[in-house]
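The values are calculated or read from the model by the stated rules, or taken from the named source; none is laboratory data. None of these values were measured; they are calculated from a predicted model. Note that each Cβ is placed from the backbone with ideal geometry, even for glycine, and that neighbours are counted across all protein chains shown. To get the accessible areas, we keep the full protein, side chains included, count just its heavy atoms, and leave off ligands, DNA and RNA. Shrake-Rupley method; radii C 1.70, N 1.55, O 1.52, S 1.80 Å.
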Amino acid sequence: MLHLDFETFCEIDVREVGPQTYARHPSCEVLMMGYAFDDEPIQLWEPDGPWDIKLPRRVREHIASGGLVCAHNLEFEWNILAHVLGVRLDYAQCRDTAVLALRRGFPLSLDGAATAVGLPVSKDKRGSLLIRKFCQPRKPSKNNPSIRWDKYDAIKEWKEFCDYCIQDVVVERELWNKLKSAWPTGIEQWCYEETLRMNERGIPFDKPLVQKTIKFIEEYNASRIEECKSITDGISPTEVGKLTEWLNAEIAIPNIQRLTLQKVLQQEKLDPQIEEVIKIRLEQGRVSTKKLYTMLRVDSGDARVRGSFIYHGASTGRYTARRVQPHNFQRPTIKEVDEVIKKLENEQFDEIVKQYQDKTLEAVGSAMRGFFRAPPDQLILRADYNAIEARVLVWLARQKEAVELFHKGEDVYCDMGEHIFGVPAAEIKAGHKAGDIEASEQRKLGKDTVLGCGYSMGVNKFLIQLEGKGSDTIAGVSLRRTPFDRGKSGKQHFTEEAWKLASKAVYGYREKYDKVPKLWAAVEKAAKFAVRDRGRTYRVNKLISFRMVGNDLVMKLPSGRKIYYPYMKIAKRENPWTGKVEDSLKFKFVNNKNMWIWEYTYGGKLVENAVQAIARDLLVYGMYNAAKMGYDLIGTVHDEIIALIRKIRRLKKAVKDFEKLICLLPP
């Protein structure tokens, strides 16, 4: 095993563009490489300059012979080897301690993972200062026009930098030795390698269309800013303090945060000019349109977004994404997506503004997926698993009648609507197809119930979730008592009718799918038994099991893959529903802010983890079958698999074959 770590210089920031674009940049060069074979002493290689790309002989021979290579976030080292040093590392040779950290539920960073594991060594935090000095451009001055520091400018700090590089290899190697038993095998090894391949292939996008759209957005924003200034006597919508003061002179408003402004627009009839200023402010800083700039930034010259996907990014094993993040593209809020794209292509910007007015940027954001386009001789092929988590849940709970409904292709949402409203499912289905508003609302609530109530969600959370999806009503009934109740938790902030309907949905689900609540209880009971009775395995439904391994609770899935809950223990906690102090499951967890914190879990949440993990395993098996038959995978978003195919005459057959392949079940 070769352990290595590169330190490099480049005029662009790897955090902003990703290792694929970074390594392809002409200014990228290797400053040093720390490396070691197995447990041998760590060595340092310092090239004489950017022209010196010949690695040490033993390193070259090791890679050429197919030897394993390990680094933390190895995708960076892979790209430096390939695009700076001209050395091609086979994906099967790759080992990554960041992958081990993710699979074990630890923080992704090297220092975070080392701390979580309790290593006696830790990553040198002074390194970040040295990286900024030697790896990034400096601002030239009158006395020193150079855009960078080299080792002769700061000899003492360069020596520290060398030590830092060596220390990184020390920590990475210790982490590998500690966690190597968790390295993926079989189809999981393939999945890791395929992620590297997908990230290298990249997702093609229409660069001219993106450039035209950015031009339009900038022109539109400039005109709206000027419009705001003309109304407010020169105040820009981005000047938070001044704009808040100006609005307070007209209406009472605590701040100009998005939620507050949305409430004000809903609350009362406003002066047209005040209303327009608020709408302009709300338009600014839309995340969806900012992705266009990111697409151009990460492009390495061939109109491809590379390096988007993170293998096992979530603790359940599901993929996560970075930079452009196709996982969180805005859901379309308009039907005329193709029409908007066509007008953007033809630069018919005035027509878009005329049609959508203050919803212009929302319309552009709705069209974002259309900016991903295949080259002229290829097509992008997408296939999505329909309601896969809902299906897996009732299968795992052995809710046979629900499994049968899915198997027959029945509309389970109409079936749930019948249970909630007492209206026959066939009548709801017919009305929905005919465009009847009431029937469509009944089906929608049935859908929200089937997809949202499987993990012990209560009434309050169910209503908040509906609101989070953009709904102001539930089956035609207003959610909130007043606009200023929006975003607040508790029965008193919802209308009585909404609370009653949500209660019928939540408890109706538990009544109709009665084995699902039993599964929550059984899973929590098994997990607690496993924590208390270390060394013994506790099974649920013969499909999943729990066992303590060291300090971690391990959930074993039907595929044989494992989910880890680090440092799991039983802790006393007040039950938020009953008010009683009870034994609860508590473990260390990486939250959405990348903080390593203590977190409580419970039966419903553990079931959610299991369901998401099983659904993910089915998706990976589908990816495996498609790739095996020659489909070039370029990504996966939620429950969707995306591939590039050549334009061929028998396109319909290729699509059907793809769908059949990804629906094959594991043995």
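Those residues that are outside any strand (DSSP E or B), among the hydrophobic types (A, V, I, L, M, F, W, C) and crowded, with 17+ Cβ neighbours inside 10 Å, I need them from region 32-62; list them, please.
Matches in region 32-62: I42, L55, V59.
Could you check region 107-161 and list, in sequence order, the residues that are among the hydroxyl-bearing types (S, T, Y) and closer than 22 Å to F76 by Cβ?
S109, T115, S122, S128
Out of curiosity, is N625 under 30 Å from K518 (Cα atoms) and either among the charged types (D, E, K, R) or surrounded by fewer than 22 Cβ atoms within 10 Å (Cβ to Cβ) (or both)?
It is false that N625 is under 30 Å from K518 (Cα atoms) and either among the charged types (D, E, K, R) or surrounded by fewer than 22 Cβ atoms within 10 Å (Cβ to Cβ) (or both).
Pick from region 509-518 the residues that are within 21 Å of K447 (Cβ to Cβ) and surrounded by 15 or more Cβ atoms within 10 Å (Cβ to Cβ): which of them is farthest from the chain's Cα centre (by Cα)?
K512
Looking only at region 166-178, decide whether some residue is acidic (D, E), free of Cβ contacts under 8 Å to residues at least 12 places away in the same chain and open to solvent by 70 Å² or more (accessible area, probe 1.4 Å).
no
Looking only at region 328-340, filter to residues that are in a helix (DSSP H, G or I) and either at pLDDT below 90 or farther than 28 Å from C228 by Cβ (or both); which one of those is least open to solvent (accessible area, probe 1.4 Å)?
V337
For a quick check of your reading of the model, give me the residue pairs whose first member lies in region 223-240 and is over 15 Å from T360 (Cβ atoms), whose second is open to solvent by 30 Å² or more (accessible area, probe 1.4 Å) and among the small types (G, A, S), with beta-carbon atoms closer than 9 Å and at least 6 apart or on different chains.
Once the first residue is over 15 Å from T360 (Cβ atoms) and sits in region 223-240, its partners that are open to solvent by 30 Å² or more (accessible area, probe 1.4 Å) and among the small types (G, A, S) give T238/G285.
Applying the selection to region 264-295, what residues are at pLDDT 85 or above, surrounded by 15 or more Cβ atoms within 10 Å (Cβ to Cβ) and either in contact with a strand residue (DSSP E or B) (Cβ under 6 Å, 6 or more places away or on another chain) or not acidic (D, E) (or both)?
If the condition is that a residue be at pLDDT 85 or above, surrounded by 15 or more Cβ atoms within 10 Å (Cβ to Cβ) and either in contact with a strand residue (DSSP E or B) (Cβ under 6 Å, 6 or more places away or on another chain) or not acidic (D, E) (or both), then I274, V277, I278, K279, I280, R281, L282, K291, L292, T294, M295 are the ones that fit.
Among the numbered conditions (1) surrounded by 20 or more Cβ atoms within 10 Å (Cβ to Cβ); (2) without any contact (Cβ under 8 Å) to a residue 40 or more places away in the chain; (3) touching a His at 6+ places or on another chain (Cβ under 8 Å), tell me where I12 comes up short.
Failing condition for I12: (1).
Considering only region 186-207, state which residues are small (G, A, S) and open to solvent by 10 Å² or more (accessible area, probe 1.4 Å).
Hit for region 186-207 is G186, nothing else.
So, in region 64-81, exactly how many residues are out of contact with any helix residue (DSSP H, G or I) (no Cβ under 7 Å at 6 or more places or on another chain), aliphatic (A, V, I, L, M) and open to solvent by 10 Å² or more (accessible area, probe 1.4 Å)?
1
If you take just the helices (runs of 4 or more DSSP H) that sit entirely in region 63-141, which of them hold at least 2 residues that are over 20 Å from the mean Cα position of the chain (by Cα), at pLDDT 95 or above and over 17 Å from E200 (Cβ atoms)?
Of the helices (runs of 4 or more DSSP H) lying wholly inside region 63-141, none has at least 2 residues that are over 20 Å from the mean Cα position of the chain (by Cα), at pLDDT 95 or above and over 17 Å from E200 (Cβ atoms).
Looking at L89, L102, which one is of a type in the set (A, V, I, L, M, F, W, C), within 30 Å of V590 (Cβ to Cβ) and out of contact with any helix residue (DSSP H, G or I) (no Cβ under 8 Å at 6 or more places or on another chain)?
L102
Of all residues in region 442-478, count the ones that are modelled with pLDDT of 80 or more, within 30 Å of the chain's Cα centre (by Cα) and part of a loop (DSSP other than H, G, I, E, B).
Total satisfying the criteria: 6.
Could you tell me whether region 130-151 includes any residue that is open to solvent by less than 40 Å² (accessible area, probe 1.4 Å) and aromatic (F, W, Y)?
yes
Write out, first by first residue and then by second, each pair whose Cβ atoms fall under 9 Å of each other, whose residues are 6+ apart or on separate chains, and whose first residue, in region 359-387, is within 30 Å of N221 (Cα to Cα) while the second is aliphatic (A, V, I, L, M) and assigned to a loop (DSSP other than H, G, I, E, B).
Correct list of pairs: K359/I334; E362/I334; A363/I334; S366/I334; A367/I334; R373/A303.
Among the helices (runs of 4 or more DSSP H) confined wholly to region 350-424, which include 1 or more residues that are open to solvent by less than 80 Å² (accessible area, probe 1.4 Å) and under 30 Å from R201 (Cβ atoms)?
360-366, 388-397
Any idea how many residues of region 250-264 are assigned to a helix (DSSP H, G or I), in contact with a helix residue (DSSP H, G or I) (Cβ under 6 Å, 6 or more places away or on another chain) and free of Cβ contacts under 8 Å to residues at least 24 places away in the same chain?
1
Scan region 404-451 for residues that are closer than 17 Å to V394 by Cβ, without any contact (Cβ under 8 Å) to a residue 60 or more places away in the chain and β-branched (V, I, T) and jot them down.
Once the filter is applied, which keeps residues that are closer than 17 Å to V394 by Cβ, without any contact (Cβ under 8 Å) to a residue 60 or more places away in the chain and β-branched (V, I, T), region 404-451 yields only V412.
Pick from region 37-83 the residues that are of a type in the set (D, E) and in contact (Cβ under 8 Å) with a residue 60 or more places away in the chain: which of them is farthest from A114 (Cα to Cα)?
So, considering only residues that are of a type in the set (D, E) and in contact (Cβ under 8 Å) with a residue 60 or more places away in the chain, the one farthest from A114 (Cα to Cα) is E46.
Search region 601-657 for residues being more than 21 Å from R318 (Cβ to Cβ) and part of a helix (DSSP H, G or I), and hand back the single one that is modelled with the highest pLDDT.
The qualifying residue modelled with the highest pLDDT is K628.
Look at I280 and say whether it is hydrophobic (A, V, I, L, M, F, W, C) and touching a helix residue (DSSP H, G or I) at 6+ places or on another chain (Cβ under 6 Å).
yes
So which of F349, F406 is of a type in the set (A, V, I, L, M, F, W, C), under 29 Å from A654 (Cβ atoms) and out of contact with any Cys (no Cβ under 9 Å at 6 or more places or on another chain)?
Going through F349, F406 in turn, the sole match is F406.
For region 447-468: of the residues being among the hydrophobic types (A, V, I, L, M, F, W, C) and in contact with a Phe, Trp or Tyr (Cβ under 8 Å, 6 or more places away or on another chain), which is surrounded by the fewest Cβ atoms within 10 Å (Cβ to Cβ)?
Residue satisfying both the conditions and the ranking: V459.
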